[in-house]
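J.: There's a structure below that I have some questions on.
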Amino acid sequence: MSIVMKSGEVPRYNASERVIHWTVAITFILLAASGLAFFHPAFWFLTSLLGGGTWSRILHPFLGILMFAFFAVMAVKYWKENVIKPYDREWGKRLSDVINNRDDNLPEIDKYNIGQKQLFWVMVVTMVLLLVSGLVLWRDTVFAFPVLVVRISAVVHAAASFVLILGIIVHMYSAIFWVKGSLRAMTRGTVTHAWARHHHPLWYRRITGNK
Amino acid sequence: MTMQSLSVERRSATTTTPPSVRIASEPVAKLIDISKCIGCKACQVACMQWNDLRDEVGTTTGIYDNPVDLTDQSWTVMRFAEFKNPDGKLEWLIRKDGCMHCEDPGCLKACPSPGAIVKYGNGIVDFNSANCIGCGYCVAGCPFNIPRISKKDNKAYKCTLCSDRVAVGLEPACVKTCPTGAIQFGAKSDMVKRGDKRVGDLKERGYQQAGLYNPAGVGGTHVMYVLQHADKPSLYNDLPLDPKISPWVSLWKGVTKPLLSIGIGLAVLGAFFHYVTRGPKEEEPGSH
């Protein structure tokens, strides 16, 4: 399939994809900030972001529902492109080259590399765990759960958040700072030909038909 | 409310030393002698009167418990249990339920809001409702199922052991009103002695399993019971045999807190140092 491109750009995310992504991103930041504040007093100052401790407690669950709903759309939309393939594993074996920016002769990969794909599946799992444990912790729900279930949910919620936050730190670092030319895919919707050819050659050929 | 006039030993969600220059007063305790309780509920009335609480008038459910459970408006409730002892005789076991004021309070450990729960130098565990955010973590942390969240303001409430009265040298309202002397108040060491003496009396009268309920699993409590059947506290409307802070709560609020926080900090630092040592990843120049 070949796409006509203006001014030498390769489209990566359309407007609705970008809106969905940034809705998840913004709610995530607010959730992580308020959640960390409840987790450790060192982060208590982050309650200011949502207007204090009580407002953080009130808003956190609603933001959580919003994040889950929008992420669910992403999960349905992107899961096929995130199935891990043999060439991803080959690419992953050269992790130290990737980390040290020795990108020559890396195996050719499609729209996402194995790190991105693993983050996708980590997000699928943690989002479900966070939703389920979060509903248990949410006192305003009509359900009253046995105290043991509440206690276990608190641990699950903290552990899943930790994994998700670590994953998003790697995601944000890679997209914003490390891999130059990535951020515009999510802000403007396009990447350069050079970027696409360098990082995702299979995807590049698949959508442009170019060599 | 927090009493400025009392030394603070522990403060929720606080990693620095709480205000504690005042000489910590002698640890206090309330001793509830169940063998002397007649179930008159004067303590419930005194508690409501002193603390300006008025619960909704409930409905009879076929038992003497009224109200049937602790609420944000009822910080103490008499729980009635009928027990047929091995001699075939009926014993009416009436337990005044309420906050046990644990030496190691699960509510305080679980609370995320700085200063919403304090433990004074005298052992009283108090909720400072002005700092409460209404998350309900104290409910999950409590081994005795005591705190109740108000539907009106979403704050947690429970017995204060009349910290305001104790701060000015008065005994708690329930102690003052108890007509049989079943509730006593004083230095914890004195209350333990008095409890032990009463246990000795009860044993002489045939209650071989009588004992003082001051559970070690929570470091002891500042509300203690004299039980006729200390080997089976569950007879008294499910008083736990060996209460302790749940291992799930310890895991949640113990080692994971600093470890995961440091982990997140290290991840951010790691990313930063990766950038300054390895630099960004850029495609070949001029290959546009």
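J.: Quick check: is even one residue across the range B:173-195 within 14 Å of chain A (Cβ to nearest Cβ), at positive phi, modelled with pLDDT of 95 or more and out of contact with any Pro (no Cβ under 8 Å at 6 or more places or on another chain)?
T.: First pass over the range B:173-195, keeping only residues within 14 Å of chain A (Cβ to nearest Cβ): none.
Checking the range B:173-195: not a single residue is within 14 Å of chain A (Cβ to nearest Cβ), at positive phi, modelled with pLDDT of 95 or more and out of contact with any Pro (no Cβ under 8 Å at 6 or more places or on another chain).
J.: Related question: Looking at the range A:119-128, can you tell me whether even one residue there is within 11 Å of chain B (Cβ to nearest Cβ) and crowded, with 18+ Cβ neighbours inside 10 Å?
T.: Going through the range A:119-128, the residues within 11 Å of chain B (Cβ to nearest Cβ) turn out to be none.
There is no residue in the range A:119-128 that is within 11 Å of chain B (Cβ to nearest Cβ) and crowded, with 18+ Cβ neighbours inside 10 Å.
J.: Could you go through the range B:226-233 and let me know if any residue there is closer than 30 Å to B:L202 by Cβ, more than 9 Å from chain A (Cβ to nearest Cβ) and small (G, A, S). Don't jump to the end; show me each part of the working.
T.: Start the filter on the range B:226-233 by keeping residues that are closer than 30 Å to B:L202 by Cβ, which leaves B:226-233.
From the residues that got through so far, the ones that are more than 9 Å from chain A (Cβ to nearest Cβ) too are B:226-233.
Next cut, small (G, A, S) only: B:230.
Yes; the residues of the range B:226-233 include at least one that is closer than 30 Å to B:L202 by Cβ, more than 9 Å from chain A (Cβ to nearest Cβ) and small (G, A, S).
J.: Of (1) away from every other protein chain (no Cβ under 14 Å); (2) surrounded by 15 or more Cβ atoms within 10 Å (Cβ to Cβ), A:I26 satisfies all except one. Which?
T.: (2) is the only condition that A:I26 fails.
J.: Condition (residue is in a helix (DSSP H, G or I), among the aliphatic types (A, V, I, L, M) and within 11 Å of chain B (Cβ to nearest Cβ)) applied to the range A:177-190: is it met by at least one residue? Let's see the steps before the verdict.
T.: Narrowing the range A:177-190 to residues in a helix (DSSP H, G or I): A:177-178, A:183-187.
Subsequent filtering for residues that are among the aliphatic types (A, V, I, L, M) retains A:183, A:185-186.
If we keep only those that are within 11 Å of chain B (Cβ to nearest Cβ) as well, we get none.
Within the range A:177-190, none of the residues are in a helix (DSSP H, G or I), among the aliphatic types (A, V, I, L, M) and within 11 Å of chain B (Cβ to nearest Cβ).
J.: Applying the selection to the range A:29-43, what residues are crowded, with 19+ Cβ neighbours inside 10 Å, farther than 19 Å from A:H171 by Cα, within 9 Å of another protein chain (Cβ to nearest Cβ) and touching a Leu at 6+ places or on another chain (Cβ under 9 Å)?
T.: A:A37, A:F39, A:H40
J.: Tally the residues that are at the interface with chain A (Cβ under 9 Å from one of its Cβ atoms) and either in a loop (DSSP other than H, G, I, E, B) or at positive phi (or both), restricting the search to the range B:139-148. Give the derivation first.
T.: Going residue by residue through the range B:139-148, those that are at the interface with chain A (Cβ under 9 Å from one of its Cβ atoms) are B:139-142, B:145.
Still in the running and either in a loop (DSSP other than H, G, I, E, B) or at positive phi (or both): B:142, B:145.
Within the range B:139-148, residues that are at the interface with chain A (Cβ under 9 Å from one of its Cβ atoms) and either in a loop (DSSP other than H, G, I, E, B) or at positive phi (or both) number 2.
J.: Which of the residues spanning the range B:104-138 are in a loop (DSSP other than H, G, I, E, B), within 10 Å of another protein chain (Cβ to nearest Cβ) and of a type in the set (S, T, N, Q)?
T.: B:S113
J.: Something else about it: Which is among the β-branched types (V, I, T), under 18 Å from the mean Cα position of the chain (by Cα) and either on the phi < 0 side of the Ramachandran plot or surrounded by 20 or more Cβ atoms within 10 Å (Cβ to Cβ) (or both), of A:I109, A:I152, A:I165? Even if it seems obvious, please write down each step before you answer.
T.: Numbers: A:I109 fails: under 18 Å from the mean Cα position of the chain (by Cα); A:I152 fails: under 18 Å from the mean Cα position of the chain (by Cα).
Selected residue: A:I165, the only one of A:I109, A:I152, A:I165 that is among the β-branched types (V, I, T), under 18 Å from the mean Cα position of the chain (by Cα) and either on the phi < 0 side of the Ramachandran plot or surrounded by 20 or more Cβ atoms within 10 Å (Cβ to Cβ) (or both).
J.: Hey, any hits in the range B:108-122 for a residue that's surrounded by fewer than 18 Cβ atoms within 10 Å (Cβ to Cβ) and among the polar types (S, T, N, Q)?
T.: No, the range B:108-122 contains no residue that is surrounded by fewer than 18 Cβ atoms within 10 Å (Cβ to Cβ) and among the polar types (S, T, N, Q).
J.: Quick test for you: out of B:A167, B:A156, pick the one residue that is aliphatic (A, V, I, L, M), within 11 Å of another protein chain (Cβ to nearest Cβ) and either crowded, with 24+ Cβ neighbours inside 10 Å or under 25 Å from B:G186 (Cβ atoms) (or both).
T.: Numbers: B:A167 fails: within 11 Å of another protein chain (Cβ to nearest Cβ).
Answer to the check: B:A156.
J.: Do we find a residue being farther than 30 Å from B:Y137 by Cα, free of Cβ contacts under 8 Å to residues at least 12 places away in the same chain and surrounded by fewer than 19 Cβ atoms within 10 Å (Cβ to Cβ) anywhere in the range A:67-83?
T.: Start the filter on the range A:67-83 by keeping residues that are farther than 30 Å from B:Y137 by Cα, which leaves A:73-83.
Those left that are additionally free of Cβ contacts under 8 Å to residues at least 12 places away in the same chain: A:76, A:80.
Checking which are surrounded by fewer than 19 Cβ atoms within 10 Å (Cβ to Cβ) leaves us with A:76, A:80.
Taking every residue of the range A:67-83 in turn, at least one turns out to be farther than 30 Å from B:Y137 by Cα, free of Cβ contacts under 8 Å to residues at least 12 places away in the same chain and surrounded by fewer than 19 Cβ atoms within 10 Å (Cβ to Cβ).
J.: A follow-up question, please. Between A:G189, A:G209, A:G181, which is free of Cβ contacts under 8 Å to residues at least 24 places away in the same chain and on the phi > 0 side of the Ramachandran plot? Quick ask: steps written out before the conclusion?
T.: On the way: A:G189 fails: free of Cβ contacts under 8 Å to residues at least 24 places away in the same chain; A:G209 fails: free of Cβ contacts under 8 Å to residues at least 24 places away in the same chain.
Exactly one residue qualifies, and that residue is A:G181.
The values are calculated or read from the model by the stated rules, or taken from the named source; none is laboratory data. Just so you know, these numbers come straight off a predicted model, no measurement behind them. Glycine also receives a Cβ, built like all others from the backbone with ideal geometry; neighbour counts cover every protein chain displayed.
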